[in-house]
Amino acid sequence: MKSLKLYGARDIRFGGAEKPQILDGKDVIVKIKACGICGSDISRYKKLGAVTPGQVWGHEFAGVVEQVGDQVTDLKVGDHVAGCPALIEEDDYYYRAGQPARANSLHAIGAKEPGGFAEYIKLPEKNLVKVPDDLDFESASMVEPSTVVLHGYYRTNLSVGDDVVIVGAGGTIGLFAVQWAKIFGAKKVIAVDIDDEKLQIAKELGADYTINSLNEDVLTKVAEYTDGMNADIVVEAAGTPHTAATVFGYAKKGGGVVFLGIPYADVAMERFYFEKILRSELTVWGSWSCVSAPFPGKEWATTVHFMHNNRLNTKKMITHRIPLEEGSEMFERLMERKELIGKVIMYPES
């Protein structure tokens with residue numbers, strides 16, 4: 001079958017791979033119809049390389065069930081599904097305690113086991129979420145990044161009427177954070193990014209205000225847009241050392257900051273921002289993965305519901321649709337940063 005395999009930093013190759021086979025009664029084989037490039041894929045491609053060199057990569061996908069094991073009870077051939085990439089050993093303490101996102105054995109497909117940049121994938125039934133037949137596959141392939149954001153918001157105390165600042169609002173995670181904030185009932189959503197084109201997309205998806213941090217003082221503008229109070233909730237979705245170290249400055253006294261981005265580098269913080277945590281008595285929430293109990297969690301059914309009812313707009317987020325064969329070239333284009341590239345959806349069948 002066709003696939004994209006990661007071998008090392010900036011070394012991804014299109015080629016063949018062995019089609020998966022049913023080995024366990026709970027196995028399901030899915031024919032992949034659409035798969036997406038995640039922001040974490042870009043960081044790993046640029047900086048870290050492969051966990052398992054030569055492994056089929058990718059963890060965002062949707063497709064059609066092609067074959068099921070003899071112990072599969074809730075899925076049948078022909079069902080449309082989105083894939084939950086979180087693989088966890090069932091005897092893991094945290095999994096058994098109903099805290100799968102904290103499981104020591106948690107890892108994603110595409111690391112040790114084959115991922116979603118391919119024509120087919122095999123996963124346990126519990127890792128597949130049925131989606132309505134009339135939900136298009138490219139939207140269904142974006143269920144997973146939406147669940148990452150929703151898992152993060154569930155960690156917070158976000159409530160109706162709150163003001164929310166989203167740093168890194170132009171990426172997929174940030175744009176979902178904008179939309180979910182509005183669904184949760186946020187009064188003002190303030191989008192912060194360094195790209196005006198991406199900020200315009202955030203505006204179209206519901207942001208009330210936008211701030212380009214390259215040429216505007218974020219502290220001043222956030223205070224202006226919140227009547228001097230700052231935000232109830234700040235979302236760190238950029239995943240850079242600088243933004244991770246400065247987001248505390250945008251939260252009001254008694255507010256909170258939730259971290260969704262992954263810096264992939266050490267974070268050095270100025271005293272001014274660290275003291276915001278203490279003097280403003282901020283709450284800081286870490287958020288990891290996209291799952292809860294009962295596995296894979298309400299993040300998944302909730303996302304599917306709001307996508308199917310057109311409350312989550314994926315179309316404005318997608319800028320490129322390409323065949324899987326062009327994946328290697330696309331990753332290099334993402335490194336060059338010469339053009340606006342938002343969400344990229346790849347099609348194995350093209």
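The values are calculated or read from the model by the stated rules, or taken from the named source; none is laboratory data. These numbers were taken from a predicted model, which means no experiment stands behind them. Here the Cβ is made from the backbone with ideal geometry for all residues, glycine too, and neighbour counts use every protein chain on show. Areas reflect the complete protein model, heavy atoms only, side chains present, ligands, DNA and RNA absent. Shrake-Rupley method; radii C 1.70, N 1.55, O 1.52, S 1.80 Å.
Details
- Checked against (1) free of Cβ contacts under 8 Å to residues at least 24 places away in the same chain; (2) small (Gly, Ala, Ser); (3) in contact with a helix residue (DSSP H, G or I) (Cβ under 6 Å, 6 or more places away or on another chain), Ala62 passes all but a single condition, namely (1).
- Those strands (runs of 3 or more DSSP E) lying entirely in segment 1-102 with at least 1 residues touching a Pro at 6+ places or on another chain (Cβ under 7 Å) and more than 18 Å from Ser141 (Cβ to Cβ): 2-8, 27-36
- Whichever residue in segment 173-226 is part of a helix (DSSP H, G or I) and among the basic types (Lys, Arg) and, among such residues, is surrounded by the most Cβ atoms within 10 Å (Cβ to Cβ): Lys198
- Residues in segment 49-81 that are in contact with a Ser or Thr (Cβ under 9 Å, 6 or more places away or on another chain) and either surrounded by fewer than 18 Cβ atoms within 10 Å (Cβ to Cβ) or within 17 Å of Gln21 (Cα to Cα) (or both): Val56, Gly63.
- Tyr120 fulfils the conditions (1) hydroxyl-bearing (Ser, Thr, Tyr); (2) more than 13 Å from the chain's Cα centre (by Cα); (3) under 25 Å from Asn310 (Cβ atoms) except for a single criterion, (3).
- For segment 256-276, filtering for residues that are open to solvent by 10 Å² or more (accessible area, probe 1.4 Å) and either under 24 Å from the mean Cα position of the chain (by Cα) or among the aliphatic types (A, V, I, L, M) (or both) leaves 11.
- Yes/no for Phe295 being open to solvent by 30 Å² or more (accessible area, probe 1.4 Å), modelled with pLDDT of 95 or more and of a type outside the set (Gly, Ala, Ser): yes
- The one condition in (1) without any contact (Cβ under 8 Å) to a residue 60 or more places away in the chain; (2) part of a strand (DSSP E or B) that Leu123 fails to fulfil: (1)
- Check on Val235, of a type in the set (Val, Ile, Thr), buried (at least 21 other Cβ atoms within 10 Å of the Cβ) and within 19 Å of the chain's Cα centre (by Cα): yes
- Identity of the residue in segment 131-157, assigned to a helix (DSSP H, G or I) and among the hydrophobic types (A, V, I, L, M, F, W, C), that ends up most open to solvent (accessible area, probe 1.4 Å): Phe137
For (1) part of a loop (DSSP other than H, G, I, E, B); (2) open to solvent by less than 80 Å² (accessible area, probe 1.4 Å), each residue gets a yes or a no:
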| position | (1), (2) |
| --- | --- |
| Leu278 | no, no |
| Cys290 | yes, yes |
| Asn313 | yes, yes |
| Ile322 | no, yes |
| Glu329 | no, no |
| Leu334 | no, yes |
| Lys338 | yes, no |
| Ile341 | yes, yes |
| Val344 | no, yes |
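- Screening segment 298-311 for residues that are outside any helix (DSSP H, G or I) and among the polar types (S, T, N, Q) and picking the one that is least open to solvent (accessible area, probe 1.4 Å) gives Asn309.
- Pairing each residue of segment 301-326 that is over 14 Å from Trp180 (Cα atoms) and free of Cβ contacts under 8 Å to residues at least 24 places away in the same chain with any residue that is part of a strand (DSSP E or B) and hydroxyl-bearing (Ser, Thr, Tyr), provided the two are 6+ apart or on different chains, yields no C-beta distance under 7 Å.
- When Asp266 is tested against (1) within 27 Å of Asp41 (Cβ to Cβ); (2) of a type in the set (Asp, Glu); (3) not in a loop (DSSP other than H, G, I, E, B), exactly one condition is not met: (3).
- Filtered residue count, segment 72-97, keeping only those that are farther than 20 Å from Tyr120 by Cα and of a type in the set (A, V, I, L, M, F, W, C): 2
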